[in-house]
Structures are given as C-alpha cells and as structure tokens.
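What follows is a set of notes on a single structure, which appears directly below.
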Amino acid sequence: MEKTTEIWEYDGTYYGFLTLVYFAFKKRQFPEVILTQETAVENLFFSHWINTDEALAKKMQQRLTQRLRKENTQFILDGFYCSLKEKDRCLLDAIQISLNTDDLIINHLGHPSILALHNSLKALFSEVHQFTGFVRFEYVGTLLYSKIAPKHFSLPYLCPHFAQRYSRETLMIYDETHRLLGIIEKGQIRFIEDCEVPTFNKENSEQAVQENWRKFLQAATIKERKNEQAQLSHLPKRYRNHMIDFY
Amino acid sequence: MDLSRKIEILAESAKYDVSCSSSGVMNNTRKGSIGSTATAGICHSFTSDGRCVSLLKLLFTNACIFDCHYCINRKSNAIPRATFTPQEVADLTMDFYMRNYIEGLFLSSAIIKNVDYTSELLIKTLKILRYEKAFKGYIHVKAIPGADEKLIEELGFLADRMSVNVELPSRESLKLLAPDKDPLALYKPMKQITHKKKEMAQVPALRNSAAFVPAGQSTQMIIGASPESDHSIVKIAEKLYQQYELKRVYYSAYIPVNHDSLLPAITTDPPLLREHRLYQADWLLRFYRFSADEILSEDKPNFNLYLDPKANWAVQHYEQFPVDVQSASYEQLLRIPGIGPKSAQNILKARKYYQLHLSDLKKLGVVIKRAQYFVSCNGITQPGLVNDPEWVISSLISSKQYETLKKANSQPLHEQLSLFDVERFETIKRKEARHAH
C-alpha cells in the first residue's frame, strides 16, 4: 500500500468508514490523516471529502466478513467504537494486517496501530466493566431506570449484561454523553439515538431502599482503615454523580 | 427492632469478614429467573476505607454463644444484639440486587443456640432466595464448623461459594484465643467440601446435576493477633491451596476490638503493611509460580517491609538478572519486578512478529519504574544501570528509607548478597516503640 500525504474526511458513521476503506484499497493508497466532522475543525489543511455510499459499504462489510477471521472482524468493529483519536488510520492498518494473516490480529501488538487500538479498547472495556457495578437503577412504576455519563461509547456494550441479569424486567439506561437511550424489554435490546433525557415522576418508596443502602455502606466501613485515596482510585469522581451512594 | 437498625448492627458485625469476591461461576441464567453470575468479579461500590463492596455482607445474627477472645461478637461483650429472619435477609437481598447495588449475598453468622440450628437458619434463607425468588445471583455462605455433614452438603448445593475460617494461623493460637472452637472441626468441613467437589467432577452421572459450590471455597486468617511468622503463614496458605484446592486465602490485619491480656493492646495499629505484603506473596503463589520457600525462609521468616516480596526475591537473586525480554520464557518474564501475567503475555504477543525495544515495554503494560533495573532488550540495558543489588535497592526505595535501612544494618560489607538485615532492624524498631509506650 502506498502511503500518501493526503487528508481524507468522512461523516464519522460506520458505513462512511467502510466506504473510505473501499476507496483506500481500490486506489491502493492510505491517507496520512483521516478526519470526521468532529475532528475536521481542528485541521487547517484542505481535505478530500468522501461521500458515504451505503451499497458500497455493505459490499465492503461482506468482503471483510468473508476474508477475515471472526475475531479480527470483531476487533475492527470494536475498534471503530473506541475513543482513540486516530482510530480510523489505525483501523486501516489493522484491516491490512488481518488481510495478510490467518493469525489473531491481537498477536500483532508490536505494530504501533494495533497496540494503540488494543490500549484504547482496554479503556473502553474497562469502563464497561466498571459500569456493570456502578450503574444504579431505581423503580419508576414497574420500570427500572438509570442515567450514566460514560467517557467512551459504552452503552451498547453494557446493555447485554443487564439484559441477561434482569431477563424478566423492562429497563432503560440513558447515556448523557452520547444522548443515547438503551431500552431492554425482557432481554431484548434497542436504542434511540439523539434522545432527550426521559422524565418520570419518581416514587417515594425508593427513598427507603436508598437510605438502607447508605446505612449498609456506612456500617461496612472500618474506620481504622480509612483510605479515601484508595476509594478515589477505585471509584473515580466521574462515576459518583449518578450513584445514590454519595447523596 | 426495625430493619434499618438490624442492617446497622449486623453489617457492622460482618465488616471484619474479608471476602468480597463475586467471581468464579460461569453464567447460569435461566429464563424466568432473576440474576446472573460473572466469571470476573464485579465491584458495586467502594467504602471510604477503600474496600470493595460487591456483596451484601451480613451476619444472620450476632447473638453468639462462643467467647473467642479476638471477636467483637463474643458473648462476654456488651454490644447491641440483633437477629434477622430468613425472609428479611431474602427481601433485602432482592431489593438491593434489583437496583444493581450488589452482586449477591455474603451470609455469615455467629452461633445462635447451637451449630446445627444456625446452619438450618442459613439454609432456610438460601432456600427462600433460590426457590421462592428464583434468584440466580451469587451467594457466598459461611459453613458452620461442627455442623452436621448433611447440613453442610445442603448449604453447598444452594451457595456458589462456601468458606470456613481457619481464624488463626496455628492450632496453638486457636486453642488459646478461641477456646470454644475445636481446631480439628475447622478443617473437617473444608475437607468435606473438597471431597464432594472432586466426587461431583469424577462421577459422570453427577456432572450434569445441581452444582456443588461451583465457585469453590475460601478461608480467612487473622494476622497480628498471634505470634506466627510471615513464613509460617505463607506456608499454611500454600498448603491450603495445594491440599484443599482453595480459591482464595484472605488475610485480615487484626484490629484490636477487645481489651484482653492475651491480645495486642487496644491502642495497637492494625498491621496493614504486613497484610499487604501477605497478599502480594499470595499472588506470587497463585499467579507467579513461586513456592512459599522461595518467598521466605526459616532463616529470614518475615517480610522486608520496604520492598515487595517479588522485588525482594529479585535483589536477593540478582545474578539471574537482567533478563532479556526478547528471548525470555513466560516463567522468566513473570519473575521480573514490574511485569505481571498480563504484561508478560503482551510481551510474548508483541515479539512474535516485531523486534522489541526497551521503550516499547511501558506501552505493553510494564511498570518501568520497577522493571528497568532487571530487564534488557536484545542485549541492551537501561542507560546508567549499575550492576549492584545494593544500588538497585537504593533506587527502588526512597532515600530516607534507604538511610534508615543502612544505619540499622548490622552485616559486614562483604556479605553483599544477604544485603540488609531488615529483621534485626524491625526488632529494634519494635523495641523502641514499646519503650515509647
């Protein structure tokens, strides 16, 4: 693949990215910088806009699914949702490496792009894991509702956990950062994008349970071991705004 | 007594139980049930002492008939007493679980009336949760030593994990400080659980039946209430892992809660650093393929409080370093301070197709601050590295700690490899502290 000094720009969607991948491999050229609408404002240089073509993107997705190992396709898909600044450029490298090997792409940690994606995915999955514990639900009628403010695009990765955990219930999780609402009904998951915060009439019965929880936390603390620094490093402040433990 | 007061009393009484893990069971969700389990533990909160809250940790009752010297719930203590009903514990668990406050229940109990009666109450609670509430979440229950074998077995089929506290690291200490407990009875349920688990795994007909203690068993030891050395504690832990296939051994720094002539004074600080070192040594046993005798020996039976056990081992065996990360085996990589199982695996993956450089190590998860003294890459070591263990020690710890160590060192200079006589230094420090009191 020829490396050029070109700057390419697309709309930031997954299909947009796949269209870009199609052109990169067709032209046998990798651009030096890839911009999306969000990152384009930071750049002063002229960029070449790539229009999202859904049909081409679907074709590309099909090709990748056929040619790559299942685990490598998943790595690329997850990589697209991580918060790495230059993820698009790294993903092009990842696709190229996966096309040339039957090995797991994760074994190519020596390549800077794969290492960067791996570390970024680690941050995403670590946040998802933290949220499996730190999400707090409250009953609104028979519905369980929660609000979170994740740094990464965690909600789609988080919902399957709760779908399994509360397989008989209806749940709603609202992601403030990405304005995304996850709805889980009896194990089935769907999302509403660009959604306003849902409003409900909160019930008083929740207060008693929340008070019992705070009493439990207080009683479980050993004063002789007080170590707020440890608490802070395990449970950073960014999670606490939506946790009733700290009211 | 109202429920919230009971929570205050019985959560407070259970707080010295160390186990907080909710891991080890593959998901067992079924349609029509509530809850699931995870192979990796999930922490739901952290108290201001920095400890993880994953389970609703409660004592069923603190009205105990035993009088163990070290225990806050001993019958001779004048403290508020309370007892839950099985229904209350089950309801509270479900209330908290549905709101995602907890991953499950940790139920322990003082001995009320007698051991069998206490066990029956625990069984009743678990039956309400499992059968009436269809709860599939994690349950850790304490086996009551001395209870009928059938009751222990019944508990084992209801819980995910069981634990029997060995309490103190030696039989002599246990006899002295827990006169109502039979040291042999403590190990009996542990043995029973191990045998039953093995039997369930070996008999094909039983393999698909109800799971017996699927997350294994654990135990807990109180550290600092009795005079055992660190070496003897690590040896006991090693034996417990090998003989009883325990999942975890927990260590609890003794916090003086009772005035008692047989125990450290009530003003004594809990030996938290010693507890920390024991956990580090425990990790070395479980994940780093060390043996107890490599970590400590009878000649040097206590931890160096300034260096973690792995770094301490590395400076004592400095002739084996620097290890070349480009060619070393996984086992060798694991022995380098600053490299853990994950970063060792990352190194193996990264060097498969690419030539490593020292500057890559940090990105691969290696703690360079510690590892830099012990690694090389394609024959190249960190610039400025001095091939002298004493220099390594001085670099790993603060200059103040190093000066204190040096002053207290009684060894002649030519005894390079034994380095610092830390145990002697600790004895001096302890004597000074006693005089000060």
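I'm checking my understanding of the structure. Among residues of segment B:1-17 that are assigned to a loop (DSSP other than H, G, I, E, B) and facing another protein chain (nearest Cβ under 8 Å), which one is farthest from B:ALA82 (Cα to Cα)?
Kept after step one, since they are assigned to a loop (DSSP other than H, G, I, E, B), are these residues of segment B:1-17: B:1-2, B:15-17.
Now narrow it down to the ones that are facing another protein chain (nearest Cβ under 8 Å): B:15-16.
On the way: B:LYS15: 15, B:TYR16: 17 Å.
That would be B:TYR16.
Return the total of residues in segment B:80-103 being assigned to a loop (DSSP other than H, G, I, E, B), in contact (Cβ under 8 Å) with a residue 40 or more places away in the chain and open to solvent by less than 50 Å² (accessible area, probe 1.4 Å). Quick ask: steps written out before the conclusion?
Initial filter on segment B:80-103 (assigned to a loop (DSSP other than H, G, I, E, B)): B:80-82, B:84-85, B:99-103.
Then keep just the ones that are in contact (Cβ under 8 Å) with a residue 40 or more places away in the chain; that gives B:80-82, B:84, B:100-103.
Narrowing the set further to residues that are open to solvent by less than 50 Å² (accessible area, probe 1.4 Å) leaves B:82, B:84, B:100-103.
Total meeting the criteria: 6.
If I ask for residues that are among the small types (Gly, Ala, Ser) and touching a Ser or Thr at 6+ places or on another chain (Cβ under 7 Å), which ones from segment A:156-211 would you list?
In the first step, residues of segment A:156-211 are kept if they are among the small types (Gly, Ala, Ser); the result is A:163, A:167, A:182, A:187, A:205, A:208.
A:SER167, A:GLY187, listed by residue number.
So, restricting to helices (runs of 4 or more DSSP H) that lie completely within segment A:44-104, which ones have at least 1 residues that are of a type outside the set (Gly, Ala, Ser) and without any contact (Cβ under 8 Å) to a residue 12 or more places away in the chain? First the steps, then the outcome.
Numbers: elements: A:54-67, A:70-80, A:87-99.
Output list reads A:54-67, A:70-80.
Per-residue answers, yes or no, for (1) assigned to a strand (DSSP E or B); (2) more than 7 Å from every other protein chain (Cβ to nearest Cβ); (3) out of contact with any Phe, Trp or Tyr (no Cβ under 9 Å at 6 or more places or on another chain):
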| site | (1), (2), (3) |
| --- | --- |
| A:TYR157 | no, yes, no |
| A:PHE162 | no, yes, no |
| A:LEU171 | yes, yes, no |
| A:ILE183 | yes, yes, no |
| A:CYS195 | no, yes, no |
| A:PHE200 | no, yes, no |
| A:GLN207 | no, yes, yes |
| A:ASN212 | no, no, no |
| A:GLN229 | no, yes, yes |
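Return the total of residues in segment B:279-311 being more than 20 Å from B:MET221 (Cβ to Cβ) and of a type in the set (Phe, Trp, Tyr).
Adding up the residues that qualify gives 2.
Pick from A:THR101, A:THR65: which is more than 19 Å from the chain's Cα centre (by Cα), hydroxyl-bearing (Ser, Thr, Tyr) and either within 14 Å of another protein chain (Cβ to nearest Cβ) or open to solvent by less than 20 Å² (accessible area, probe 1.4 Å) (or both)?
Details: A:THR65 fails: either within 14 Å of another protein chain (Cβ to nearest Cβ) or open to solvent by less than 20 Å² (accessible area, probe 1.4 Å) (or both).
Only one candidate passes the filter, namely A:THR101.
Can you tell me which residues in segment B:44-69 are away from every other protein chain (no Cβ under 14 Å) and open to solvent by 20 Å² or more (accessible area, probe 1.4 Å)? If you could, list the steps in order and put the result at the bottom.
In the first step, residues of segment B:44-69 are kept if they are away from every other protein chain (no Cβ under 14 Å); the result is B:60-61, B:63-69.
The answer is B:ALA63, B:CYS64, B:ILE65, B:PHE66, B:ASP67, B:HIS69.
Considering only residues of segment B:27-40 that are more than 9 Å from chain A (Cβ to nearest Cβ) and touching a residue at least 40 places away in the same chain (Cβ under 8 Å), which is surrounded by the most Cβ atoms within 10 Å (Cβ to Cβ)?
Checked segment B:27-40; the qualifying residue surrounded by the most Cβ atoms within 10 Å (Cβ to Cβ) is B:THR37.
Out of curiosity, is B:SER343 under 26 Å from B:LEU305 (Cα atoms) and modelled with pLDDT under 90?
Working: under 26 Å from B:LEU305 (Cα atoms): yes; modelled with pLDDT under 90: no.
No, not satisfied.
Does A:ILE95 satisfy the criteria of being modelled with pLDDT of 95 or more, within 18 Å of A:TYR14 (Cβ to Cβ), of a type in the set (Val, Ile, Thr) and out of contact with any His (no Cβ under 7 Å at 6 or more places or on another chain)?
Spelling it out, A:ILE95 is indeed modelled with pLDDT of 95 or more, within 18 Å of A:TYR14 (Cβ to Cβ), of a type in the set (Val, Ile, Thr) and out of contact with any His (no Cβ under 7 Å at 6 or more places or on another chain).
Tell me which residues, restricted to segment B:151-160, are closer than 15 Å to B:GLN192 by Cβ and open to solvent by less than 10 Å² (accessible area, probe 1.4 Å). Explain how you work it out, then say what you get.
Our first condition is that a residue be closer than 15 Å to B:GLN192 by Cβ; within segment B:151-160, this holds for B:151-157, B:159.
Of everything in segment B:151-160, those that are closer than 15 Å to B:GLN192 by Cβ and open to solvent by less than 10 Å² (accessible area, probe 1.4 Å) turn out to be B:ILE152, B:LEU155, B:GLY156, B:ALA159.
Output the residues belonging to segment A:105-115 that are open to solvent by 30 Å² or more (accessible area, probe 1.4 Å) and part of a helix (DSSP H, G or I).
Across segment A:105-115, the qualifying residues are A:ILE106, A:PRO112.
Being open to solvent by 50 Å² or more (accessible area, probe 1.4 Å) and not assigned by TED's automatic domain parsing to the domain that holds B:TRP283 narrows it down to one of B:VAL386, B:VAL325, B:VAL366, so name that one. Spell out the reasoning first.
On the way: B:VAL325 fails: open to solvent by 50 Å² or more (accessible area, probe 1.4 Å); B:VAL366 fails: open to solvent by 50 Å² or more (accessible area, probe 1.4 Å).
The match here is B:VAL386.
Within segment B:280-294, track down each residue that is buried (at least 16 other Cβ atoms within 10 Å of the Cβ) and in a loop (DSSP other than H, G, I, E, B).
Once the filter is applied, which keeps residues that are buried (at least 16 other Cβ atoms within 10 Å of the Cβ) and in a loop (DSSP other than H, G, I, E, B), segment B:280-294 yields B:TYR288, B:PHE290.
Are any residues in segment B:127-159 within 17 Å of B:GLN217 (Cα to Cα) and in a helix (DSSP H, G or I), and if so, which ones?
Correct list: B:GLU149, B:LEU151, B:ILE152, B:GLU153, B:GLU154, B:LEU155, B:GLY156, B:PHE157, B:LEU158.
Out of the residues in segment A:41-86 that are in contact with a helix residue (DSSP H, G or I) (Cβ under 6 Å, 6 or more places away or on another chain) and under 20 Å from A:GLU6 (Cα atoms), state the one that is modelled with the lowest pLDDT.
Only one residue fits best here, namely A:ILE50.
Determine if segment A:143-150 includes at least one residue that is at the interface with chain B (Cβ under 8 Å from one of its Cβ atoms) and among the small types (Gly, Ala, Ser). Before you say what the answer is, go through the steps one by one.
Here is the first cut: in segment A:143-150, the ones at the interface with chain B (Cβ under 8 Å from one of its Cβ atoms) are A:144, A:146.
Right, trim to among the small types (Gly, Ala, Ser) and you get A:146.
Looking through segment A:143-150, at least one residue is at the interface with chain B (Cβ under 8 Å from one of its Cβ atoms) and among the small types (Gly, Ala, Ser).
Filter segment B:303-355 down to the residues that are more than 14 Å from chain A (Cβ to nearest Cβ) and over 19 Å from B:TRP283 (Cβ atoms) and list them by number.
Passing the criteria: B:TYR318, B:GLU319, B:GLN320, B:PHE321, B:PRO322, B:VAL323, B:ASP324, B:SER327, B:ALA328, B:SER329.
Kindly indicate whether B:LEU273 is surrounded by fewer than 18 Cβ atoms within 10 Å (Cβ to Cβ) and in a helix (DSSP H, G or I).
Numbers: surrounded by fewer than 18 Cβ atoms within 10 Å (Cβ to Cβ): yes; in a helix (DSSP H, G or I): yes.
Against the criterion (surrounded by fewer than 18 Cβ atoms within 10 Å (Cβ to Cβ) and in a helix (DSSP H, G or I)), B:LEU273 qualifies.
Against the conditions (1) modelled with pLDDT under 85; (2) within 16 Å of B:PHE303 (Cα to Cα); (3) not acidic (Asp, Glu), where does B:LEU206 fall short? Just the number, please.
B:LEU206 satisfies every listed condition except (2).
Sort through A:LEU171, A:LEU180 and tell me the only one that's surrounded by 19 or more Cβ atoms within 10 Å (Cβ to Cβ) and over 29 Å from B:LEU92 (Cβ atoms). Outline the logic, then answer.
Values: A:LEU171 fails: over 29 Å from B:LEU92 (Cβ atoms).
Matching residue, one of A:LEU171, A:LEU180: A:LEU180.
The values are calculated or read from the model by the stated rules, or taken from the named source; none is laboratory data. Being a predicted model, the structure only gives us computed values, none of them experimental. Ideal geometry is used to build each Cβ from the backbone, glycine not excepted, and the neighbour counts take in all protein chains shown. For accessibility, only protein heavy atoms count, side chains too; no ligands or nucleic acids. Shrake-Rupley method; radii C 1.70, N 1.55, O 1.52, S 1.80 Å.
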